[in-house]
Amino acid sequence: MTQIGFFPGCSLKGTSSEYAQSIFTLSKMVGINLVEIEDWNCCGASTVHNINNKLSVTLPARILTLAKQQKLTEIVAPCAACYNRLCIAQHQLKINKFLRNQLFETFQICIDNNISILNIIQYIEKYIFEKIKEKIIYFFKYPVVCYYGCLLVRPHKILNFDRLEDPQSMDNLMKKIGALPIDWAYKTECCGGGFSVSRTDIVVKLCGEIIKDAINKGAEAIIVACPMCQSNLDTRRSCINNYLHKKTNIPVIYITQAIGLAIGIKKKDLGFKKLFVKPTFI
Amino acid sequence: MSKIGVFVCHCGENIASIVDCEKVAMRASKLSGVVFSVDYKYMCSDPGQNKIKEAVKKHGLTGVVIAACSPRMHEYTFRKVCAEIGLNPYLCEIANVREHCSWVHEKVEFATQKAFNLVRARIEKVKNNLPLYPYKVPINKIAIVIGGGIAGIQSSIDIANGGYKVILIEREPSIGGRMAQLSETFPTLDCSQCILTPRMVEVAQHPNIMLYTYSEIESVDGFIGNFSVQVRKKAKSIDEKKCTTCGLCYTKCPMKKNLSEFNQGLSYRPAIYVPFPQAIPNNPVIDRNNCIFFQKGKCKICQKFCPTGAIDFEQIDEIIEIKAGAIILSTGFDIKNVDFFPEYGYGKCKDIITGMQFERLASASGPTIGEIRRPSDCKVPKKVVFISCAGSRDCAKGISYCSKICCMYTVKHAMLYKNKVPEGISYIFYMDIRAAGKNYEEFTRRAVEEYGIKYVRGRVSNILLKNEKLIVRGVDTLLNGKPIEILADLVVLATAAVSCKYSEILAQKLHIPYDIYGFFTEAHPKLKPVETNTAGIFLAGSCQFPKDIPESVVSASGAAAKVLCLFSSDELVREPIVAKINKMPPPLFSTCMGCELCIGICPYKAISKEEIKDDNGYVIKSIAHINSTLCQGCGTCVAFCKSKSIDLEGYSNKQIYEEVIALLN
């Protein structure tokens, strides 16, 4: 059984446990054992790098050090924010010798730059898709829009994943399970991210525009790969409806949930129950 | 016995502040063979030059060493002084104690020592110098102009009017270049084609101009005055002598869906086509990559309809050789396409166009017959956003230089739009308005004050497509960086002007330098702007750097003047620094063994085999022979010669050895 490290981050343990559930279900189907990094800590995500650069590197660096100590050579970070922070910390320590020495002297953190960090799309492309190709039984034949958010592809120079503007990787995966991805303008627009609690008005406005364009383009679902985006677009829906002055019922589904449906996994094993906006059409 | 004179120049303070010139002159005077030595504040001045003349006359000098600036600066001056007093100029040598010594060292004792060493080395060399006499080579008074845009046309006409033959070579089926594609020109708004086409006709009808269109350069050999250029005349599949330009062929061609290069992909053209109605020459050509007959082997409809039987499917590319004395390069520029810009949608949206495409939309001969219409649905746009500096002045993603022409043509576009759609609104996003030029600033002011064009200082971050409209999101930096959104119908990008796709390959064929952007490099940025480092090859127009029409014409006429200047004399004086095979009395004739190694390695094909025959015509010995007019004095054969039978005149092995030994002692 292939063993791959798993960094859930705070979201996958809480607000987006359905995301975690669908990932584990898919992984089990293809015989991959996801090993959670023991004693992991917060990655710093949307706030720390604005306040303290050193801490914003130290937090992910500790996670990577733990992964190395636990003999993991490859880890999946399904949350786009975690993926982003881990990659950036790895990059900064690679180029900044001073910071590297400092971290080692203070915390005995010695980062291994060989650990490869995968986001969920890379993980699906590399380990899952080839093995489930034959198992697709219910084609996910819906017009969808893929929403990448800001963190999955930026900063491009460090992550080097997909195209900076107008990325394609999720659209390609969706096409393969029979969906009809629609070209739209808000693929990488900001959803408001961590402002969900402190400035809900901003989040509602930004998400409102995203949902409006998705509906106008004729999509029946928004496919996401980031728990932050999902929660903003999904859990804030009543406020968004108020902002748009109409009731919208377009569901926001994780890419792993969509793939799971296509290969015949039951909705309850994919955590559909937890979505605020229920996908009634499926 | 040599009688050498040494002259040490202070160059004001340039040399004297670091090197003790007096001491150098004093020490030099004690060297063997030196009969006169002096230092002076400015050796190149008139009194300085007189000191040299007097010393040569008084002491009967057989050699002169001048310790001064680089020989690139004043070698010619001092050699001329020697020649005036009757001393062979090649007996004068320069010791470079400025660039090679005072400018690169601190004021230390060693600097003076180094200057003295340099002087001593030159003294030892000059002792072995022999008088040399320049060669004269005839000039082939035909000019080749590569590229038939406005710069190439102007150069050709200027040289032809000067009375010399010009051969104009153009890659496309017609001359005219970029200027033929433009609608109106700034700052006068006069029609581009109306002022260009008379010039094109003049080229076609001028008795001194020979036009090769649909032709490319294969290779270039030779040197100033005597170039030999191989030109590939691509098969047009038309017999130009029979063709009456009736146009029946292209109306009948069934393969009509090829994107028109001339209209920047905004319309279609048949496989047999004339790029535009006023094309010179007006004969059509067959685009073989898109012709049904050439791709599938069946069709020949054009041949059936051609009333004169001019269509020739069997025609093949023809390689011709042209001998010429000078070459002018005027290959122009390209622009970046919309697909270069990720933030503007990778070229996905049809209503985001380049400035060149807008020119075609605004042109009376364009795909919309001069009406401004969106490419996607042919509607008249009510709101247009122009974005200048798309890719220019952008170190991170584009090119770092300013494309220079965009500020002005963007103003022009906005004015043309306003003229054609009076109720339309146009915005220009800009970084700076660079309107330096005669009447340029007034032109931009007119756009703002009379035409009401809205200038927004800031960049556009991205463009979203929404309900067939384009949401242009930018920032207004004059409103405290406030983000703004404009709902536009059409977006025009003033994309960066870049070098031509094949400019680097062409530069390599011509052995001329080019910069990191692929633009050809001039010999001196200020004082030799139309010359290249290779003598006899000149630059005109925007193959050197983006230029507007007036500037292109200026440089084209400048290059033409240089060619006329070259052609004004019948012979070219060439430096006598050439390789020579040593000659000996019979029966040895030469130490050359006739191994012929040098023949193969000579980059200028200047060496051939020479057979020495006795009175009865029997070959006694075969040795190498160097053609002095072809030899460029590179010295490659000297280094290769196994029997040390070749010497470079003025730089013989003996001279170099003596110089090196003097440096080492």
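None of the figures in this text is laboratory data; all of them are computed from the coordinates on show. As the structure is a prediction and not an experimental result, all values here were calculated from the model. Cβ atoms come from the backbone with ideal geometry, glycine included; neighbour counts cover every protein chain shown.
Would you mind checking region B:535-555 for residues with the amide N under 17 Å from a putative spin-label position 7 Å along Cα→C-beta of B:D515?
The answer is B:539-548, B:551-552, B:555.
Provide the net charge surrounding B:C82, with neighbours chosen by a C-beta distance below 13 Å and charges set as Lys +1, Arg +1, Asp -1, Glu -1.
Numbers: positive: B:K51, B:K53, B:K57, B:R79, B:K80; negative: B:E54, B:E75, B:E84, B:E93.
With Lys, Arg at +1 and Asp, Glu at -1, the net is +1.
From the phi of every residue in region B:240-256, what ³J(HN,Hα) in whole Hz does the Karplus formula 6.51 cos²θ - 1.76 cosθ + 1.60 yield, where θ is phi - 60° and glycine or proline is x?
Ordered by residue, 3J(HN,Hα) equals 5, 6, 7, 5, 9, 6, 6, x, 5, 4, 7, 6, 8, 4, x, 8, 9 Hz.
Please report, largest first and rounded to whole Å, the three semi-axes of the ellipsoid equivalent to region B:335-498, where each semi-axis is the square root of five times an eigenvalue of the C-alpha gyration tensor. Walk me through the numbers before you get to the answer.
Working: eigenvalues 84, 76, 55 Å².
Listed largest to smallest, the semi-axes of region B:335-498 are 20, 19, 17 Å.
Using a/c under 1.5 as the rounded threshold, could you call region A:114-212 rounded, prolate or oblate? The axes a ≥ b ≥ c are square roots of the C-alpha gyration tensor eigenvalues, and prolate needs a/b larger than b/c, oblate otherwise.
oblate
Which pairs, out of B:K562/B:K605; B:K53/B:K80; B:K382/B:K466; B:K350/B:K412; A:K205/B:K379; A:K157/B:K466, put more than 20 Å between their alpha-carbon atoms? Mind showing how you got there, number by number?
Numbers: B:K562/B:K605 28 Å; B:K53/B:K80 11 Å; B:K382/B:K466 16 Å; B:K350/B:K412 22 Å; A:K205/B:K379 32 Å; A:K157/B:K466 29 Å.
Beyond 20 Å: B:K562/B:K605; B:K350/B:K412; A:K205/B:K379; A:K157/B:K466.
With every atom except the alpha carbons ignored, what do you get for Rg and Dmax of region B:579-649, in angstroms?
Computed over the Cα atoms of region B:579-649, radius of gyration and Dmax are 12.0, 38 Å.
In whole Hz, what ³J(HN,Hα) sequence does region B:278-293 give by Karplus (6.51, -1.76, 1.60; θ = phi - 60°), x for Gly and Pro?
So the J values, rounded to whole Hz, are 8, 4, 10, x, 8, 6, x, 10, 9, 7, 5, 5, 10, 7, 4, 5.
List every residue whose amide H lies under 5 Å from the amide H of B:S499, counting only residues 5 or more places away in sequence or on a different chain, with H placed 1.01 Å from N in the peptide plane.
It is B:D334, by chain and number.
Binning at 10 Å from 0, report for region B:493-552 what percent of all alpha-carbon pair distances ends up in each bin.
Spelled out per bin, shortest first, that is 23, 55, 19, 2.
In straight Cα distance, which lysines are under 26 Å from A:K266, not counting same-chain residues fewer than 8 positions off?
List returned: A:K13, A:K28, A:K126, A:K131, A:K133, A:K135, A:K141, A:K175, A:K176, A:K274, A:K278.
Using unit Cβ charges (K, R positive; D, E negative) and no other charged atoms, how large, in debye to the nearest 20, is the dipole of the protein assembly as shown about its Cα centre?
In debye, rounded to 20, the protein assembly as shown gives about 2180.
List, largest first, the extents of the alpha carbons of region B:248-305 along their principal axes, each in whole Å.
If we take the Cα atoms of region B:248-305, the spans are 29, 21, 15 Å.
Across region A:268-282, in residue order, what do the Karplus-derived ³J(HN,Hα) couplings come to in whole Hz, using 6.51 cos²θ - 1.76 cosθ + 1.60 with θ = phi - 60° and x for Gly and Pro?
Rounded to whole hertz, the list is 6, 6, 9, x, 4, 4, 7, 5, 6, 9, 6, x, 5, 6, 7.
With the Cα gyration tensor of region B:534-665 in hand, give its eigenvalues times 5 under a square root as the equivalent ellipsoid semi-axes, listed largest first in whole angstrom.
Semi-axes, largest first: 42, 21, 13 Å.
Using only helices, what value at 222 nm comes out for chain A when you add -39,500 (n - 2.57) per DSSP H run of length 4 or more and divide by the total residues, to the nearest 500 deg cm²/dmol? Intermediate values should be presented prior to the final figure.
Details: 14 runs with 131 residues, N = 282.
Here the helix-only value at 222 nm equals -13500 deg cm²/dmol.
For chain B, count all C-alpha to C-alpha pairs, find those more than 39 Å apart, and express that count as a whole percent of the total.
Roughly 51 percent, once rounded to a whole number.
Rg and Dmax of the protein assembly as shown, Cα atoms, in Å?
37.6, 114
Which ordering of B:C92, B:C637 is given by a fewest-first count of other beta-carbon atoms within 10 Å?
Listing B:C92, B:C637 from fewest to most nearby Cβ atoms yields B:C637, B:C92.
With no solvent and one point on each alpha carbon, what is the Debye value of log10 I(q)/I(0) for region B:561-606 at q = 0.22 Å⁻¹?
-0.91
Any idea which of B:L487, B:A83, B:C291 is furthest toward the positive side of the dipole for chain B, if Lys and Arg beta-carbons carry +1 and Asp and Glu beta-carbons -1?
B:L487
First select every other residue whose beta carbon is under 12 angstrom from the beta carbon of B:K107; then total the charges, Lys and Arg +1, Asp and Glu -1.
Surrounding charge for B:K107 is -4.
With runs of 4+ DSSP H residues as the only contributors, calculate the mean residue ellipticity of chain B at 222 nm using -39,500 (n - 2.57) per run, divided by the residue total and rounded to the nearest 500.
Computed ellipticity for chain B at 222 nm equals -8000 deg cm²/dmol.
Please identify every one of the trypsin sites (Lys or Arg not before Pro) in region B:504-591 that sits in a loop by DSSP and has no more than 10 other beta carbons within 10 Å of its own beta carbon.
The qualifying sites are B:K526.
Give the long-range amide H neighbours of A:V35: residues separated by 5 or more places, or on another chain, with amide H under 5 Å away, using H modelled in the peptide plane at 1.01 Å from N.
The answer is A:I4, A:G5, A:F6.
Cα convex hull of region A:2-118: mean projected area in nm², to one decimal?
That works out to 7.0 nm².
Pop a pseudo-label 7 angstrom from the Cα along the beta-carbon direction at both B:L479 and B:L597 and give the gap in nm to one decimal.
Between B:L479 and B:L597, the label points sit 7.7 nm apart.
Hey, can you grab everything whose amide H is under 5 Å from the amide H of B:V456? Only 5+ residues off in sequence or another chain; H modelled, so Pro and N-termini drop out.
B:I428, B:F429, B:Y430
Would you mind ranking A:W40, A:W184 so that the residue whose beta carbon has the fewest other beta carbons within 10 Å leads the list? Display every interim value, and only then the final one.
Working: A:W40 19, A:W184 22.
Going from sparsest to densest Cβ surroundings: A:W40, A:W184.
Could you estimate the translational diffusion coefficient of region A:137-274 from the Stokes-Einstein equation, with Rh from the Kirkwood formula over C-alpha pairs, at 10 °C and 1.306 mPa s, in whole µm²/s? Walk me through the intermediate numbers first.
Details: Rh = 15.3 Å.
Reported coefficient: 104 µm²/s.
Among B:F519, A:Y148, B:Y268, which residue has its Cα furthest toward the positive end of the charge dipole of the protein assembly as shown, with +1 on Lys/Arg Cβ and -1 on Asp/Glu Cβ?
Projecting each Cα onto the dipole axis, the largest value belongs to A:Y148.
Let me have the relative contact order for chain B, percent, based on Cα pairs under 8 Å that are six or more residues apart.
Working: 1423 pairs, mean separation 84.8, N = 665.
Across chain B, relative contact order equals 13 percent.
Lys and Arg at +1, Asp and Glu at -1: add these up for the other residues within a Cβ distance under 11 Å of A:D269 and post the number.
+4
How much length is gained if the chain between B:K454 and B:N533 is pulled fully straight, taking 0.36 nm per residue apart and subtracting their Cα-Cα distance, in nm to one decimal?
Result: 23.9 nm gained on full extension.
When only alpha-carbon atoms count, how far does region B:433-565 stretch along each of its three principal axes, as whole angstroms with the largest first?
So the three principal-axis extents are 58, 34, 27 Å.
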